[in-house]
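Scroll down for the structure; my scribbles are underneath it.
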Amino acid sequence: MDTQYNATVIDKIMVTPDIMIFKINTDEARAEFEAGQNILLGLFGYETRSSNSEPELVPAEANKLIQRPYSIASAKSETRQMEFYISQVKSGQLTSRLFNLDTGDRLYVGTRISGLFRLDETPDGTDIVMVATGTGIAPYISFLRSHIVERPESKMVVIQGAAHRWDLGYSSELTFLEKTYANFFYVPTLTDADERWDGYRLCIEDLLRNDTLQNEFNISPDPERTHFFVSGKPEMVSHVSEWLLGFGYTRHHPDEPGELYVEEF
Ligand SMILES: Cc1cc2nc3c(=O)[nH]c(=O)nc-3n(C[C@H](O)[C@H](O)[C@H](O)COP(=O)(O)OP(=O)(O)OC[C@H]3O[C@@H](n4cnc5c(N)ncnc54)[C@H](O)[C@@H]3O)c2cc1C
């Protein structure tokens, strides 16, 4: 057993063969963090890769700890048990090894939690729009689990784009939140849905350009009133950011607060 490993897998839920909800327990509690932040997960190169992985683009060195950042999906109050939403890059170094782990297996979890993609830096009372594709939904799950109760005066909307219904991770939790909180709205949109899907069928960019937020929820792309979080595939993040910059949005930075928060992965 490697001494650098400091956490244990406590649950692994396969959403699809290449997407999983992954829960770990760290040996020592981490410092308090903010919803939306990320932490490093790591495994050594000698670990076995998953059976449905593909040859590595860059072969990992056996005795090197492969480390990558992952957004924490669990609530900020949980400083030991953490949940992640991870997509397998079949030719990747770390995810192909993470997907081969089972409950009880050990891994490395970083000791520092960082990241500027944080809901707590938005002013109270502003409406919050959270846009995601793929595993980009993870930080919003942490936002909602941590803060939805505290912000009844803000309208909060999650727009989740995917190809198929089964790619909509956390949809039952998001649907439940929508039924429970009058200020929360969940807008899934599928680009390749079957005939049974009666929701939106647009890519996120078109859904926004069609004024869906204004028409459905009276939320406008106005930097004074609405803060946007955009997380997921770089192409979507760049298109949505460009659209928002056209309305006068600026990228958030702690030294220069803005109304647009982006995270690409
Ligand atoms: C702040 C932050 C938060 C993140 N949070 C998450 C998260 O919550 N869930 C999650 O699944 N990932 C997340 N990522 C991405 C994660 O850090 C890894 O980059 C990803 O899991 C791939 O790691 P790998 O070692 O398997 O692939 P690598 O060995 O690093 O990559 C192999 C090849 O695949 C390409 N590649 C890398 N990522 C992707 C991808 N997503 N799709 C297609 N090709 C890719 C690379 O360019 C490279 O050519 C986050 C990244 C950042 C920066």
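What follows is calculated from the coordinates using simple rules that are stated; it is not laboratory data. Not measured: the values here are computed from a predicted model. Note that we place each Cβ from the backbone using ideal geometry, even for glycine, and neighbour counts take in every protein chain shown.
Would you pick out the residues in region 213-235 that are in contact with a strand residue (DSSP E or B) (Cβ under 7 Å, 6 or more places away or on another chain) and free of Cβ contacts under 8 Å to residues at least 60 places away in the same chain? Before the answer, list the steps.
Taking region 213-235 as the starting set, the residues that turn out to be in contact with a strand residue (DSSP E or B) (Cβ under 7 Å, 6 or more places away or on another chain) are 213, 217, 219-220, 225-234.
Passing the criteria: Ser220, Pro234.
How many residues does region 29-51 contain that are over 17 Å from the mean Cα position of the chain (by Cα) and in contact (Cβ under 8 Å) with a residue 40 or more places away in the chain? Can you show your working first?
At the first step, the residues of region 29-51 found to be over 17 Å from the mean Cα position of the chain (by Cα) are 29-32, 42-51.
Still in the list and also in contact (Cβ under 8 Å) with a residue 40 or more places away in the chain: 29-32, 42-45, 47-51.
Residues in region 29-51 being over 17 Å from the mean Cα position of the chain (by Cα) and in contact (Cβ under 8 Å) with a residue 40 or more places away in the chain: 13 in total.
Within the set of pairs 6+ apart or on separate chains, which have a first residue in region 236-257 that is aromatic (Phe, Trp, Tyr), a second that is part of a loop (DSSP other than H, G, I, E, B) and surrounded by fewer than 19 Cβ atoms within 10 Å (Cβ to Cβ), and C-beta atoms under 6 Å apart?
What qualifies is Tyr249/Pro223.
Of the residues that sit in region 218-243 and are under 13 Å from Met130 (Cβ atoms) and more than 16 Å from the ligand (Cβ to nearest atom), which one is surrounded by the fewest Cβ atoms within 10 Å (Cβ to Cβ)?
Ile219
Being in contact with a Ser or Thr (Cβ under 7 Å, 6 or more places away or on another chain), more than 15 Å from the ligand (Cβ to nearest atom) and touching a residue at least 60 places away in the same chain (Cβ under 8 Å) is the requirement here; does Thr122 meet it?
Numbers: in contact with a Ser or Thr (Cβ under 7 Å, 6 or more places away or on another chain): no; more than 15 Å from the ligand (Cβ to nearest atom): yes; touching a residue at least 60 places away in the same chain (Cβ under 8 Å): yes.
Taking the combined requirement at face value, the residue does not satisfy it.
Tell me whether region 11-21 contains one or more residues that are among the charged types (D, E, K, R), touching an Asp or Glu at 6+ places or on another chain (Cβ under 9 Å), over 19 Å from Thr111 (Cβ atoms) and surrounded by 14 or more Cβ atoms within 10 Å (Cβ to Cβ).
Of the residues in region 11-21, the ones among the charged types (D, E, K, R) are 11-12, 18.
Remaining after also requiring touching an Asp or Glu at 6+ places or on another chain (Cβ under 9 Å): 11-12.
Checking which are over 19 Å from Thr111 (Cβ atoms) leaves us with 11-12.
Next, from what is left, pick out any that are surrounded by 14 or more Cβ atoms within 10 Å (Cβ to Cβ): 12.
There is at least one residue in region 11-21 that is among the charged types (D, E, K, R), touching an Asp or Glu at 6+ places or on another chain (Cβ under 9 Å), over 19 Å from Thr111 (Cβ atoms) and surrounded by 14 or more Cβ atoms within 10 Å (Cβ to Cβ).
State all residues of region 150-166 that are surrounded by fewer than 13 Cβ atoms within 10 Å (Cβ to Cβ) and farther than 13 Å from Asp124 by Cα; if no residue qualifies, say none. Outline the logic, then answer.
Keep residues of region 150-166 that are surrounded by fewer than 13 Cβ atoms within 10 Å (Cβ to Cβ), which gives 150, 152-153, 166.
Passing the criteria: only Trp166.
Scan region 168-175 and give yes if some residue there is within 16 Å of the ligand (Cβ to nearest atom), among the small types (Gly, Ala, Ser) and in contact with a Ser or Thr (Cβ under 9 Å, 6 or more places away or on another chain), otherwise no.
Looking through region 168-175, at least one residue is within 16 Å of the ligand (Cβ to nearest atom), among the small types (Gly, Ala, Ser) and in contact with a Ser or Thr (Cβ under 9 Å, 6 or more places away or on another chain).
Given Asn63, Asn52, Asn6, Asn38, which one is polar (S, T, N, Q) and closer than 16 Å to Gly104 by Cβ? Even if it seems obvious, please write down each step before you answer.
On the way: Asn63 fails: closer than 16 Å to Gly104 by Cβ; Asn52 fails: closer than 16 Å to Gly104 by Cβ; Asn38 fails: closer than 16 Å to Gly104 by Cβ.
Answer to the selection: Asn6.
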